[in-house]
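Here, each number is a calculation from the coordinates, and none is a lab measurement. Since we're looking at a predicted model, the values are computed, not measured. A quick note on method: Cβ atoms are made from the backbone with ideal geometry, for glycine too, and the neighbour counts reach across all protein chains shown.
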């Protein structure tokens with residue numbers, strides 16, 4: 001493949017993926033700078049300006065924006081005489097913008113595992129993955145339940161899932177608006193089931209996978225516990241049964257505890273009827 005074709009391929013991908021950059025003025029030049037640094041290694045501002053055909057002052061302004069976005073970093077190269085030369089290189093964050101084929105490799109690997117060793121071997125691999133990641137979460141995430149859920153969303157976002165926590169009158173939901181492994185999970189849906197199990201263990205509440213991009217939905221949504229309406233109905237039924245069968249003092253105790261104050265709730269406004277995992 002010749003140089004110009006490679007450059008066109010990378011440019012088309014970066015222009016879509018580079019959502020961390022200013023999409024207005026200078027975005028095209030930003031993409032070109034990243035392409036040149038990928039293809040030719042560390043370059044000075046003057047060298048980049050020459051390749052882009054723009055002034056050095058404009059090039060430095062674009063490089064400052066790229067530095068602010070943590071996509072390039074400047075390193076100084078000492079010289080026998082005179083001042084060190086500053087050269088710009090890509091960061092690991094910028095590296096993620098360029099095309100990779102990890103999903104294709106992972107799919108072939110899982111196909112081989114299942115084909116050679118059977119579905120049970122895949123279950124064993126996923127179980128081990130779940131255990132290792134759960135141990136990592138236990139060590140790294142805060143213990144307070146609401147903060148733990150928010151930190152879990154941030155972790156998922158760092159790995160491309162664009163996650164957020166939605167809190168409303170229906171309860172608490174962990175949303176993932178992008179699934180980097182949707183194609184792979186469509187072939188092996190047990191991956192999504194393991195993710196739900198991992199979230200349940202991590203949060204201490206049952207995480208229900210209520211929608212899934214790998215199964216054709218627009219977003220992955222994990223309902224944490226039960227919706228408040230369902231919980232209130234269940235609590236009402238339990239209260240009616242208690243009123244009919246319990247002495248007055250016992251009923252008062254049941255009502256005082258209520259469905260709205262389980263121990264270790266995610267937050268007082270979020271906890272109604274959430275299902276604890278064992």
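Points worth noting:
- Space enclosed by the convex hull of the alpha-carbon atoms of region 40-113, per residue, Å³: 131
- Considering all C-alpha pairs of region 114-237, those separated by over 26 Å amount to 23%.
- Reported to the nearest whole Å, the Cα centre-to-centre distance from region 159-221 to region 33-89 is 40.
- Highest-first packing order for the peptide set 103-116, 205-218 is 205-218, 103-116, based on the mean count of other beta carbon atoms within 10 Å.
- Protection proxy ranking for 60-66, 36-42, using the average of other Cβ atoms within 10 Å per residue and placing the highest first: 60-66, 36-42.
- Taking other Cβ atoms within 10 Å as a rough exposure proxy, 222, 161 sort from fewest to most as 161, 222.
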